[in-house]
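S.K.: Pasting a structure here, questions to come.
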Amino acid sequence: MIKLTRLDGEAFVLNADLIRYVERRPDTFVTLTSGDRIVVAETMDEVIEKAIHYQQRKHYFPMPSPPPADSSSTDRPTDRRQPRQAVSTASVDSMVASSETAALNPSETNRAGDPSTGKTL
């Protein structure tokens, strides 16, 4: 929304998203997407500057920060996620080794049959 002034001095607020174009005749005309025309006291450059500033604020307005965590508050839901478990280097090494073995010896690790031939792999 931008604040503009009618020629009689009355201030009003206009939704800048509704501006189709601005003309400078002797006076400044703002034509809206509805086809309505409004004559304003501001210059064409001032209207454009206000409209651009409005669009920038609209698109770059920071999101509100979350409220601070308060351990005494009971009105918010509790976190039901399970904590992550630490994985040791030894268990990672054993998982890698077992997957390498499976890749090298597929006949020993994969006893599933081939559905097209009926043979086991």
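Just so it is clear, none of the values below were taken in a lab; they were calculated from the coordinates. These numbers were taken from a predicted model, which means no experiment stands behind them. Don't worry about glycine lacking a Cβ; one is built from the backbone with ideal geometry, like all the others, and counts go over all protein chains shown.
S.K.: So which residues in the range 5-31 are over 21 Å from His59 (Cα atoms) and touching a helix residue (DSSP H, G or I) at 6+ places or on another chain (Cβ under 8 Å), if there are any at all?
M.R.: Pass one, the range 5-31, residues over 21 Å from His59 (Cα atoms): 5-12, 22-31.
Those that are over 21 Å from His59 (Cα atoms) and touching a helix residue (DSSP H, G or I) at 6+ places or on another chain (Cβ under 8 Å): Val22, Glu23, Arg24, Thr28, Val30.
S.K.: Cβ-Cβ under 7 Å, sequence separation 6+ or interchain: first residue in the range 20-32 and closer than 12 Å to Ile48 by Cα, partner in a loop (DSSP other than H, G, I, E, B) and of a type outside the set (Gly, Ala, Ser). Which pairs?
M.R.: Sorted first by the residue in the range 20-32, then by its partner, the pairs are Arg20/Thr33; Thr28/Glu42; Thr28/Thr43.
S.K.: Please work out if Thr31 is β-branched (Val, Ile, Thr), surrounded by 15 or more Cβ atoms within 10 Å (Cβ to Cβ) and assigned to a strand (DSSP E or B).
M.R.: yes
S.K.: From the set of residues in the range 2-12 that are surrounded by fewer than 16 Cβ atoms within 10 Å (Cβ to Cβ) and in contact with a strand residue (DSSP E or B) (Cβ under 7 Å, 6 or more places away or on another chain), which is nearest to Gln55 (Cα to Cα)? Full working, then the answer.
M.R.: Within the range 2-12, the first condition is being surrounded by fewer than 16 Cβ atoms within 10 Å (Cβ to Cβ), and the residues that meet it are 3, 5-12.
Okay, now just the ones that are also in contact with a strand residue (DSSP E or B) (Cβ under 7 Å, 6 or more places away or on another chain), so 3, 5-7, 11-12.
Numbers: Lys3: 14, Thr5: 19, Arg6: 22, Leu7: 25, Ala11: 20, Phe12: 18 Å.
If we take residues in the range 2-12 being surrounded by fewer than 16 Cβ atoms within 10 Å (Cβ to Cβ) and in contact with a strand residue (DSSP E or B) (Cβ under 7 Å, 6 or more places away or on another chain), then Lys3 is nearest to Gln55 (Cα to Cα).
S.K.: Looking at the range 13-22, which of its residues are loosely packed, with under 12 Cβ neighbours inside 10 Å and either of a type in the set (Asp, Glu) or not in a strand (DSSP E or B) (or both)? Please lay out each step first, then the result.
M.R.: If we filter the range 13-22 for residues that are loosely packed, with under 12 Cβ neighbours inside 10 Å, which is where we start, we get 13, 15, 21.
Across the range 13-22, the qualifying residue is only Asn15.
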